[in-house]
Amino acid sequence: MSMLKYFTEFVGTFIFFAVILSTGGDAVPVGVALATAIYFGGKISGGHYNPGVSFMMFYDNKLDSNDLAMYVLVQIAAAIAAVYFVKMIPKVK
């Protein structure tokens, strides 16, 4: 299951960041995206989707150092992938 939780963190972070980037950070769609990602992936990975949350969970002894490193790595990779994905979407005027 360990690879599944990393994949879940990647997908959830990707969706979360893609929505942030494509909506300009509009609170409603960002909140819906985060809530949806947590609902579907929270039981698998904890639903962090943000390195800050992962560091807090590590600090609170709810995440070990190996998982922290992998979570942060996949979260950063997902955020970078989301940037490139959103850049590929044609702008509608």
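With K and R counted +1 and D and E -1, the other residues having a Cβ less than 15 Å from that of Val74 yield a net charge of -1.
About the centre of its Cα atoms, the chain shows a dipole size close to 360 debye [charges on the beta carbon of Lys, Arg (+1) and Asp, Glu (-1) only; nearest 20 debye].
Spin-label model, Leu21 to Tyr39: label points 7 Å out along the Cα-to-beta-carbon direction sit 2.5 nm apart. Averaging the sequence gap over all C-alpha pairs within less than 8 Å and six or more residues apart, then dividing by the number of residues, gives segment 2-88 a relative contact order of 42 percent. Let me test this: with uniform point scatterers at the alpha carbons of the chain, what is the Debye-based log₁₀ I(q)/I(0) at q = 0.15 1/Å? Values, matching the q order: -0.55. Annotation for segment 1-89: trypsin sites (Lys or Arg not before Pro) lying in DSSP loop with at most 11 further Cβ atoms inside 10 Å of their Cβ are Lys62. The calculated 222 nm mean residue ellipticity attributable to helices in the chain amounts to -27000 deg cm²/dmol, summing -39500 (n - 2.57) over DSSP H runs of n ≥ 4 and dividing by all residues. Simple rule: put +1 on each Lys or Arg Cβ and -1 on each Asp or Glu Cβ in the chain, find the dipole, and look at Tyr71, Ile15, Asn61; the Cα lying farthest toward the positive end is Ile15. FRET efficiency for the pair Met3 and Met56, taken as 1/(1 + (r/R0)^6) with r the Cβ-Cβ distance and R0 = 22 Å, rounds to 0.40.
Rule-based calculations on the coordinates, nothing more; no lab input. Just so you know, these numbers come straight off a predicted model, no measurement behind them. Positions of Cβ are generated from backbone atoms using ideal geometry, with glycine treated the same way; all protein chains shown enter the neighbour counts.
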